[in-house]
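The values are calculated or read from the model by the stated rules, or taken from the named source; none is laboratory data. In this text the structure is predicted, and so the values were computed from the model without any measurement. Here the Cβ is made from the backbone with ideal geometry for all residues, glycine too, and neighbour counts use every protein chain on show. SASA here: full protein model, heavy atoms, side chains in, ligands and nucleic acids out. Shrake-Rupley method; radii C 1.70, N 1.55, O 1.52, S 1.80 Å.
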Amino acid sequence: MGPSKMDVDKPAKAATEYGLPDDEIVAEIPVYLTHQIAKNLHILQYPQKEGTISPGVLLPKVARIKPIHGQMEMDISLDVQSPMYNRERGLELGVGLADNGRLLDITTLVSVDIPKSSTYVAGVFSNGGLHLTPIECLTQLRPSLKYLDRVAEKELAASKLDIDDDDDETKDAKAQTVQ
């Protein structure tokens, strides 16, 4: 059963009775709940980044989204001018991005869905009201290391070519008697 009329009309204790400073209500606004854009709202977590992320730090260059499977990838620029960036290693790993000796200048973040353990809403003050929309999808973005797989594949292919060249030289060799 819900609260009785008497319970609703009974004034709540003042904040000062709890030892808190008086905090008067300055406005009452209507609250609206909408589900219209809920399927398009995502909370994106970056577990590999410590602390807070300042606006503009993780600006994606490219984003790829598969809406049916709920997957996304984002390419984030790396600061190749930083003294912490190893340019020599960046050229080695850039082979995984392209064959032309490209510098590894991006990192790709891929989505991993995580179980929803809480309910989140996004709110916007608009036209004198608070409009709330539930957020259905909670996603973590983790680094993808596909470029390492490509580097390994290219190294394996190159080593197979070397082995094939060695086999050809052995086939051409003729037995000779040495006295």
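Only residues that are aliphatic (A, V, I, L, M) and outside any loop (DSSP other than H, G, I, E, B): list them for the range 12-51, please. Can you show your working first?
Within the range 12-51, the first condition is being aliphatic (A, V, I, L, M), and the residues that meet it are 12, 14-15, 20, 25-27, 29, 31, 33, 37-38, 41, 43-44.
If the condition is that a residue be aliphatic (A, V, I, L, M) and outside any loop (DSSP other than H, G, I, E, B), then Ala15, Val31, Leu33, Ala38, Ile43, Leu44 are the ones that fit.
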Response to the item:
Scanning the range 89-103 for residues that are among the small types (Gly, Ala, Ser) and open to solvent by less than 30 Å² (accessible area, probe 1.4 Å) gives Gly90, Gly94, Gly96, Ala98
Discussion item. Cβ-Cβ distance below 8 Å, separation of 6 or more or different chains: which pairs start in the range 58-72 with a residue that is basic (Lys, Arg) and end on one that is assigned to a loop (DSSP other than H, G, I, E, B) and open to solvent by 90 Å² or more (accessible area, probe 1.4 Å)?
Written reply: none
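Hey, among the residues in the range 104-130 that are under 22 Å from Leu41 (Cα atoms) and touching a Gly at 6+ places or on another chain (Cβ under 7 Å), which one's least open to solvent (accessible area, probe 1.4 Å)?
Kept after step one, since they are under 22 Å from Leu41 (Cα atoms), are these residues of the range 104-130: 108-127, 129-130.
Next, only the ones that are touching a Gly at 6+ places or on another chain (Cβ under 7 Å) stay: 113, 130.
Numbers: Asp113: 90, Leu130: 37 Å².
Checked the range 104-130; the qualifying residue least open to solvent (accessible area, probe 1.4 Å) is Leu130.
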